[in-house]
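Enquirer: Here it is, the structure, as structure tokens.
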Amino acid sequence: MNAPLDGLRFQVLWSRLVSVADEIATTLVKTAFSLIVRDNHDYACALYDSRGVMLAQSTQCTPGQAGSTPSVMSDMLSVFPPESLEDGDVLICNDPWIGAGHSPDVFIATPIFHRGTLAGFACTCAHHVDMGGRLGATDARDVYEEGIIIPVSKLIRAGSPNDELFRLITRNVRTAEKVMGDLRAQIAANHVGAAAMMDEFDLVSLTELSQAVSARSEEALRKAIATLPDGTVTHEVFHEITDDKGERLRLALRLELSGGSAKLDFTGTSPQVAKPINAVLNITRAYCVFPFIATLCPDLPMNAGAFRPIKIHVPEGTVLNPTYPAPGMYRSLLSYFTVEVIMGALQKLAPEKVMAPSGTYPLWIQKFAGLRGDDREFVTHFNAQGGQGAFFDRDGNTAVVFPGNIASTSVELFEHETPMMVRRRALIPDSGGAGRHRGGLGQETILQSRTSHSIRAALSGGRFHHPAPGMEGGSGGARGEIRVNDGAPFERSDRADLALGDRVILRQPGGGGFGPAEERDPAAVDADLRDGYISSELAESAYRVALTADRKAVDHAATRSLRAGLAIPAS
């Protein structure tokens with residue numbers, strides 16, 4: 001029997017749980033083979049009790065994977081009940097409807113046995129560089145085109161590798177050394193586990209601790225939601241991607257806040273489409289919970305209790321809850337927009353808590369594959385984003401991956417991994433939406449092939465036609481653009497074959513501004529001018545400031561006169 005969970009002991013154990021999850025993540029990063037895991041940190045790590053209830057997540061997690069992990073173990077245990085598991089077993093699954101919505105996200109779960117008894121589970125999810133199928137199938141019409149699907153299976157049985165499954169995966173992927181290396185990194189990370197903690201604190205079971213941490217997190221989020229006004233509002237967002245009839249996809253939300261809980265009803269959302277942007281229910285739920293935690297209590301440790309105050313209803317067969325076998329490789333082109341529709345609804349109840357729409361979604365992620373000059377095969381990703389939307393009380397961040405929470409790709413490591421060169425990476429002036437608080441800037445990146453071998457490229461992005469809008473009088477950010485050489489801008493995410501010297505030009509969009517631009521502090525306009533974030537033309541036309549003769553510094557006195565309604569021209 002466990003010792004009593006008094007206040008001090010409880011806090012120490014909870015902190016230790018999070019540190020163990022972080023140790024799992026550190027092991028994964030230090031042993032992974034691919035850029036996307038090792039350097040982009042596209043992963044999630046979690047600990048569970050013996051019933052499959054999540055106790056803790058690592059500090060670094062992507063919201064999509066992190067928000068999918070609470071239900072993963074219950075789905076795995078429905079196939080392999082706890083009593084059927086043995087010490088040394090390792091489970092694997094990448095089924096999009098069980099995991100995080102697309103096949104590259106592979107879940108590895110390891111039972112933790114303590115003194116012969118199942119005590120809990122360690123689980124990692126990592127985005128793998130390849131899972132077979134058509135590389136970057138931007139026009140896939142069903143999930144079968146997107147790669148191999150591994151149902152819940154035993155990758156290792158009582159310490160003995162399932163050689164048939166290892167061979168099956170190896171045969172179906174490109175650059176197998178990286179894929180299998182990352183799988184083994186996940187297995188190694190899980191072995192860090194929580195077994196040492198059991199002895200360290202003389203624990204017999206994690207169940208009591210699981211119940212306590214879940215209850216505490218649930219209570220904290222309910223209290224945070226209770227600070228918002230009760231009420232029911234509706235909001236809708238129209239995506240630039242269209243359905244089969246040519247109509248823009250619609251995300252419709254009815255939000256009800258009451259007594260510390262939130263109910264989200266997505267009735268009216270567009271039906272699923274034969275395009276690889278459908279977001280399964282797990283990933284939709286993840287990005288419904290994320291805005292509340294990020295906005296109201298960002299320091300809340302994530303566990304099963306953090307998901308209980310938020311209930312969602314998403315009609316089956318819609319783009320946010322598709323039925324099998326809908327394609328979803330690029331579900332982040334759509335799922336991130338749940339953040340926008342939730343923020344739009346919250347703005348009607350608590351405008352001081354929200355942010356304007358971002359140019360950081362949809363996710364821009366480029367995939368490249370081919371042969372190096374020495375004829376060795378490569379497959380890798382390039383990840384960089386535009387500008388975040390402005391907030392009620394501050395400017396939006398520039399060149400961040402929001403809400404995906406992964407790192408941008410290192411230029412040096414990308415050039416080391418591929419026969420490509422990054423010719424340019426620079427912020428785009430005037431790309432952040434003007435406002436009392438300015439949207440984050442977009443950025444331009446130019447990637448060039450330096451090999452005589454053809455490179456296959458899957459180029460994914462968005463906001464090509466409709467920029468991130470502003471909020472409460474703020475202006476929209478700049479639109480996105482993808483081109484190859486001097487060709488016409490892409491109309492949508494697409495593929496290309498690159499020859500020696502070919503260039504891929506990426507212009508990621510900026511975030512929307514918040515509040516009227518003429519209310520922006522003149523000192524902030526002056527700083528933006530000096531930093532090159534805005535042009536003097538935009539300072540005059542949008543922010544209505546008068547400039548000195550050198551057109552670099554803001555004439556504050558003239559600015560105040562302009563705001564008083566006097567027509568004083570720039571010098």
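Enquirer: Report, by chain and number, residues whose modeled amide H sits under 5 Å from the one on Gly474, excluding near sequence neighbours (fewer than 5 apart, same chain).
Expert: So Gly474 has HN proximity to Gly515.
Enquirer: Using the per-residue mean of other Cβ atoms lying within 10 Å as a proxy for protection, in what order, highest first, do the peptides 246-255, 6-15 fall?
Expert: Ranked from most to least packed, the peptides come out as 246-255, 6-15.
Enquirer: On a straight-distance basis, which aspartates and glutamates could pair with Lys30 in a cross-link, Cα separation under 20 angstrom, same-chain partners fewer than 8 positions away excluded?
Expert: Asp22, Asp39, Asp42, Asp105, Asp130, Glu177, Asp182, Glu412, Glu417
Enquirer: Also, I was wondering about something else. Taking the Cα centre of the chain as origin, sum charge times position over the Cβ atoms of Lys and Arg (+1) and Asp and Glu (-1), and report the length of that vector in debye to the nearest 20.
Expert: 660
Enquirer: Please compute the modelled spin-label separation between Thr26 and Glu83, points set 7 Å along Cα→Cβ, answer in nm with one decimal.
Expert: 4.0
Enquirer: As a test of the formula, what do you get for the chain when each DSSP H run with n ≥ 4 contributes -39,500 (n - 2.57) and the sum is divided by the residue count, at 222 nm and rounded to the nearest 500 deg cm²/dmol?
Expert: Calculated mean residue ellipticity at 222 nm is -8500 deg cm²/dmol.
Enquirer: Describe numerically, in nm with one decimal, the distance between label points set 7 Å from Cα along Cα→Cβ at Leu500 and at Ala523.
Expert: 5.7
Enquirer: Report ³J(HN,Hα) in whole Hz for each residue of segment 71-78, in order, from the Karplus equation J = 6.51 cos²θ - 1.76 cosθ + 1.60 where θ = phi - 60°; Gly and Pro get x.
Expert: Once rounded to whole Hz, the list reads 9, 4, 5, 5, 5, 5, 6, 6.
Enquirer: While we're on this one: Which angle from 0 to 90°, rounded to the nearest 10, does the C-alpha axis of helix 176-192 make with the longest principal axis of the chain?
Expert: For helix 176-192, the angle is close to 70 degrees.
Enquirer: Next question. Label points 7 Å out from Cα along the Cβ direction at Arg530 and Phe10: separation in nm?
Expert: 5.1
Enquirer: Got a number for carbon plus sulfur as a percent of the chain's accessible area, 1.4 Å probe? Can you show the working numbers first?
Expert: Values: 10840 of 21330 Å².
Carbon and sulfur: 51 percent of the exposed surface of the chain.
Enquirer: Now a separate question. Go through Cys61, Phe402, Pro301 and say which Cα lies farthest out towards the positive end of the charge dipole of the chain; charges sit on Cβ, +1 for Lys and Arg, -1 for Asp and Glu.
Expert: Among Cys61, Phe402, Pro301, the one farthest towards the positive end of the dipole of the chain is Phe402.
Enquirer: Quick one: which residues, 5 or more positions from Val379 or on another chain, have an amide H under 5 Å from its amide H? H modelled 1.01 Å from N in the peptide plane, none for Pro or chain starts.
Expert: It is none; the list stays empty.
Enquirer: If you plug each phi of segment 438-450 into the Karplus form 6.51 cos²θ - 1.76 cosθ + 1.60 with θ = phi - 60°, what whole-Hz ³J(HN,Hα) values come out, in order, with x for Gly and Pro?
Expert: Ordered by residue, 3J(HN,Hα) equals 7, x, x, 7, x, 9, 10, 10, 10, 10, 10, 6, 10 Hz.
Enquirer: Sticking with this structure for a sec: What percent do you get for the relative contact order of segment 447-535 when only Cα pairs under 8 Å and 6+ apart count?
Expert: Reported as a whole number, the value is 36 percent.
Enquirer: Can you list residues from other chains, or at least 5 along the same chain, whose modelled amide H is less than 5 Å from the amide H of Arg495?
Expert: Those lying under 5 Å, H to H, from Arg495 are Leu459.
Enquirer: Mind checking the full-extension length gain between His453 and Ile148? Use 0.36 nm per residue of separation minus the Cα-Cα distance, one decimal, nm.
Expert: Full-extension gain reported as 107.1 nm.
Enquirer: Residue by residue, what Karplus-based ³J(HN,Hα) values in Hz, rounded to whole numbers, does segment 320-332 have, using 6.51, -1.76 and 1.60 with θ = phi - 60° and x for Gly and Pro?
Expert: After applying 6.51 cos²θ - 1.76 cosθ + 1.60, I find 9, 7, x, 9, 4, x, 4, x, x, 3, 10, 4, 6 Hz.
Enquirer: So which of Lys154/Lys275; Lys154/Lys367; Lys245/Lys311; Lys275/Lys311; Lys223/Lys353 end up more than 25 Å apart by C-alpha?
Expert: In this structure, Lys154/Lys275; Lys154/Lys367; Lys245/Lys311; Lys275/Lys311 exceed 25 Å between Cα atoms.
Enquirer: Using a 1.4 angstrom probe, figure out how much accessible area segment 122-276 has per residue, in square angstrom, rounded to the nearest whole.
Expert: Per-residue value: 42 Å².
Enquirer: If you bin every alpha carbon distance in segment 132-261 into 10 Å steps from zero, what whole percent lands in each bin?
Expert: For segment 132-261, the binned pair fractions read 9, 18, 18, 24, 26, 5, 0 percent.
Enquirer: Please work out the FRET efficiency for the pair Arg544 and Glu352, using the Cβ-Cβ distance as r and a Förster radius of 25 Å; give the result to the nearest 0.05. Working shown, then result.
Expert: On the way: r = 25 Å, r/R0 = 1.00.
That gives a FRET efficiency of 0.50.
Enquirer: Hey, what's segment 368-519 come to in accessible area per residue, 1.4 Å probe, Å²?
Expert: 38
Enquirer: Averaged over every viewing direction, what's the projected area of the C-alpha convex hull for the chain? Give it in nm², one decimal, please.
Expert: Mean projected area of the Cα convex hull: 27.7 nm².
The values are calculated or read from the model by the stated rules, or taken from the named source; none is laboratory data. Quick caveat, the model's predicted, so the values are computed rather than measured. So basically every Cβ, Gly included, is an ideal-geometry build from the backbone, and we count neighbours across all protein chains shown. All accessible areas refer to the heavy atoms of the entire protein, side chains included, with ligands and DNA or RNA removed. Shrake-Rupley method; radii C 1.70, N 1.55, O 1.52, S 1.80 Å.
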